Amino acid sequence: MKHCPLILSLPLLLSCLSAAPAWMPVPASVTPEAGRLKIDGSFRVSVKEPDERLRKATLRAIHLLARETGIPLNDELVPAGGPATLTVEATRPGLPMPALEEDESYHLEVNASGVRIEGATVVGAMRGLATLCQMLESDAGGFFIGAVRIDDKPRFRWRGLLIDIARHWMPMEVLKRNLDGMAAVKFNVLHLHISDDQGFRIESKRYPRLQQIGSDGHFYTQQQMREIVAYARERGIRVVPEFDMPGHTGAWLPGYPELAAAPGPHAILRVWGVNNACLDPTKEETYRFLDGFIGEMAALFPDAFFHIGGDEVNGVEWNANPRITAFKKEHGMKDNRDLQAYFNKRVQRIVSSHGKIMTGWDEILHPDLPRSIVIQSWRGPKSLAEAARQGYRSLLSSGYYLDLNHPASQHYAVEPLSGDAATLTPAEQEKILGGEACMWTEYATAENIDLRIWPRAAAIAERFWSPASVNNVASMYARLELVSRRLSLAGLTHRSKQELMIERLAAAGPIEPVRTMADVVEPVKNYSREKARHYTSATPLNRMVDTAASESNTARQFGIEIDALLRGQGDAARIERRLLFWRDYARRALPALTGSNLLEETVPVGENLSRCAALGLEALGYFRAGKPAPAAWYQSAQATLDRSAKPQAELLLMIAAPIRRLVDAVGPAQQ
Ligand code: TNX
């Protein structure tokens, strides 16, 4: 263990800990100490708390350590008071169900003789166990945990991950393994987007046609959902259900057309985007139905918060319905916003009558609604601060959309208390409860959803948990790579399923060409896929664009190497080896792509890869010779790079940008 002076600023501490645990999130306060705890077969564990959740969480943690070390750790817990290497305790039990008010703080101490975790509550102790699971290190002397004292607590109380189970069906194992991943990086809210135009994904006993006609048979029974809620509870995670209304309700209407604003016929939608399907907010019947339905769901989901969505009501069906326009006039409503506020007010009363706190997307922000509701900002950070200023509690999701395929660094830089929120008073800032990463699933299936969520979500988890001063991007990426491996060990399939998808693309052909390409491309960003081709819910998501990670590690790493080179510190030989490998791609690999139904579309990407790499080699030659490049070469290089930067097959060739930096550095010669 490196020796660190005891009192350090956090950035200094992090650089000092570069050889230290790949924590994510970094704990609030870390004091490294001298020494280490060796991990061997003598490891014994004691849980000083009769709580079943804590006992199970401890067993999970030591099984993880045993699998990682290969050491047969003894999972028979030592009776309280007995000698133990790991002691886990909770000062008080805390709340029976995870809740916003839960105290998640803990103290963790490691010295040469053992580890002690003391949570303020059972959930706090579980957070300490998650930290411990990230602390295993090894060197020639074997496995060990470095001596340290940690005092940790979250910066934000609401640290969520939204999973959309409506667009593409996500079966039980998807949610379970993602809950495991969430617990590992200390997320504490699973927000389930349960219904949308394309599917109604839960069993209603009261209104069974919702799932019978609205789900294609893909829905959670109430029993299954209870199992998910229990699984989450065991990990100190709340489950917040979202039933999007009055828009995004296309899957409700085939079963219950009487709720619709338009005459129909109604069918589950098979396409993505903002659709017209909408509830009729003017009918009493709508509210009677919602009262029954929300009552049923309020009993199924124990969490205090109940999300009603409220986003993207386009008003087309409202405007086309003479009864609705007459209703607006009669009630002096000037526009559909007023009508939606009326609807929200009625729904809020229903939600509240069932003992829940209404939550919704920022569209529901309206002065007529009581200050008890929670606003989730997705269209931009402004509404986050605006809601807080008006006295509402709020959550940030704008900037945390995992489905848009942005790099981890971009999400990492989104600070909930910056911009407008920085100008709030401390009391107003208190209203900002935290945020949620969002995984919408128009372009993700059970097969590749982990690849979209992880490991980038871990960087967001750190933003929500760690002090704001933990913001060093290089440190984040260095740790993220290790965290990603551990997330795989915890059961996430972001790596394993990618491998499978690569093999499937390769079919009977060689795998290397597919893997090499998958490593250097990324899916197009934002909403570009919508425009690229016509997708329906039946379109298989099995192409290169579905297989590539949202962020190419290889390209990012290559970019770092190029930038180091340009600063005069790089490893030119290593860069050359990479470029040679890519330059030869066309000759080596294109025959394998040509003629394959799935891979043919990537041939131009492969050609660009080779061309860019060839340019990179030439630029490297000029760079090494210390000579500027000829102007004509420079111009044609720019043209090639411009062409290669354009999306092809919904893919972006990510090594083009670093090569451009190299090209720009060498040319052109002044004439
Ligand atoms: C907007 S976020 C939506 C969702 C889509 C998402 C895709 C929100 C409240 N509405 O319906 O799935 O964009 O990024």
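Does any residue in the stretch 392-409 that is over 25 Å from L369 (Cβ atoms) come within less than 8 Å, Cβ to Cβ, of a residue that is of a type in the set (V, I, T) and within 12 Å of the ligand (Cβ to nearest atom) six or more places away or on a different chain, and which pairs are these?
Going by the 8 Å Cβ cut-off, the qualifying pairs are D403/T441.
So, in the stretch 32-69, exactly how many residues are charged (D, E, K, R), part of a strand (DSSP E or B) and farther than 15 Å from T87 by Cβ?
3
Has the stretch 212-221 got at least one residue that is within 16 Å of the ligand (Cβ to nearest atom), farther than 23 Å from L100 by Cβ and open to solvent by less than 10 Å² (accessible area, probe 1.4 Å)?
Among the residues of the stretch 212-221, not one is within 16 Å of the ligand (Cβ to nearest atom), farther than 23 Å from L100 by Cβ and open to solvent by less than 10 Å² (accessible area, probe 1.4 Å), which makes the answer no.
Quick check on my filter: what residues within the stretch 165-181 are in contact with a helix residue (DSSP H, G or I) (Cβ under 8 Å, 6 or more places away or on another chain) and of a type in the set (D, E, K, R)?
Correct list: K176, R177.
Answer yes if at least one residue in the stretch 166-176 is under 23 Å from W378 (Cα atoms) and more than 16 Å from the ligand (Cβ to nearest atom), and no otherwise.
Among the residues of the stretch 166-176, at least one is under 23 Å from W378 (Cα atoms) and more than 16 Å from the ligand (Cβ to nearest atom), which makes the answer yes.
Being in contact with a helix residue (DSSP H, G or I) (Cβ under 6 Å, 6 or more places away or on another chain), small (G, A, S) and open to solvent by less than 60 Å² (accessible area, probe 1.4 Å) is the requirement here; does A619 meet it?
yes
Enumerate the pairs (first residue in the stretch 422-441 and away from the ligand (no atom under 16 Å from the Cβ); second residue anywhere and part of a loop (DSSP other than H, G, I, E, B) and of a type in the set (S, T, Y)) with beta-carbon separation below 9 Å, excluding pairs fewer than 6 apart on the same chain, so at least 6 apart or on different chains.
Pairs that qualify, where the first residue is away from the ligand (no atom under 16 Å from the Cβ) and the partner is part of a loop (DSSP other than H, G, I, E, B) and of a type in the set (S, T, Y), are K431/Y392.
With the structure loaded, tell me whether D311 is crowded, with 20+ Cβ neighbours inside 10 Å and of a type in the set (D, E, K, R) or whether it fails that test.
No.
Please list, ordered by first then second residue, the pairs with beta carbon atoms under 8 Å, 6 or more apart or interchain, first in the stretch 203-226 and over 9 Å from G255 (Cα atoms), second open to solvent by less than 70 Å² (accessible area, probe 1.4 Å) and of a type in the set (S, T, N, Q).
From residues that are over 9 Å from G255 (Cα atoms), the pairs are E203/Q211; E203/T221; E203/Q222; S204/Q211; K205/Q222; F219/Q211.
Do the conditions hold for E317, that is, is it away from the ligand (no atom under 16 Å from the Cβ), more than 30 Å from V189 (Cβ to Cβ), among the acidic types (D, E) and open to solvent by 70 Å² or more (accessible area, probe 1.4 Å)?
The answer is no for E317.
Being buried (at least 17 other Cβ atoms within 10 Å of the Cβ), in contact with a Ser or Thr (Cβ under 6 Å, 6 or more places away or on another chain) and within 20 Å of W454 (Cβ to Cβ): is that true of A518 here?
In short, yes.
Results for (1) among the charged types (D, E, K, R); (2) assigned to a strand (DSSP E or B); (3) modelled with pLDDT of 95 or more, shown as yes or no for each residue.
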{"residue": "V240", "(1), (2), (3)": "no, yes, yes"}
{"residue": "M245", "(1), (2), (3)": "no, no, yes"}
{"residue": "A251", "(1), (2), (3)": "no, no, yes"}
{"residue": "P254", "(1), (2), (3)": "no, no, yes"}
{"residue": "G264", "(1), (2), (3)": "no, no, no"}
{"residue": "A267", "(1), (2), (3)": "no, no, yes"}
{"residue": "Y287", "(1), (2), (3)": "no, no, yes"}
{"residue": "I294", "(1), (2), (3)": "no, no, yes"}
{"residue": "V313", "(1), (2), (3)": "no, no, yes"}
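Being among the β-branched types (V, I, T) and more than 26 Å from the chain's Cα centre (by Cα) is the filter; apply it to the stretch 250-309 and report the residue that is farthest from F327 (Cα to Cα).
I268
Residues that are outside any loop (DSSP other than H, G, I, E, B), at pLDDT 95 or above, away from the ligand (no atom under 16 Å from the Cβ) and closer than 16 Å to Y392 by Cβ: does the stretch 323-342 have at least one?
yes
Among the residues of the stretch 369-383 satisfying the criterion of being more than 16 Å from V313 (Cβ to Cβ) and away from the ligand (no atom under 16 Å from the Cβ), which is farthest from the chain's Cα centre (by Cα)?
By that ranking, first place goes to P370.
Where residues in the stretch 384-398 are out of contact with any strand residue (DSSP E or B) (no Cβ under 7 Å at 6 or more places or on another chain), closer than 12 Å to A421 by Cβ and not acidic (D, E), which of them is farthest from the ligand (Cβ to nearest atom)?
For the stretch 384-398, the residue satisfying everything is R389.
Which of the residues belonging to the stretch 230-254 are more than 16 Å from the ligand (Cβ to nearest atom) and either under 29 Å from V313 (Cβ atoms) or crowded, with 20+ Cβ neighbours inside 10 Å (or both)?
Within the stretch 230-254, A232, R235, G236, I237, R238, V239, L253, P254 qualify.
Restricting attention to the stretch 385-406, report how many residues are touching a Ser or Thr at 6+ places or on another chain (Cβ under 8 Å) and within 22 Å of N448 (Cα to Cα).
Residues flagged as touching a Ser or Thr at 6+ places or on another chain (Cβ under 8 Å) and within 22 Å of N448 (Cα to Cα) within the stretch 385-406 amount to 5.
The values are calculated or read from the model by the stated rules, or taken from the named source; none is laboratory data. Predicted, not measured: the structure shown is a model, and the values here were computed from it. Note that each Cβ is placed from the backbone with ideal geometry, even for glycine, and that neighbours are counted across all protein chains shown. The area values use the complete protein model at the heavy-atom level, side chains included, leaving out ligands, DNA and RNA. Shrake-Rupley method; radii C 1.70, N 1.55, O 1.52, S 1.80 Å.
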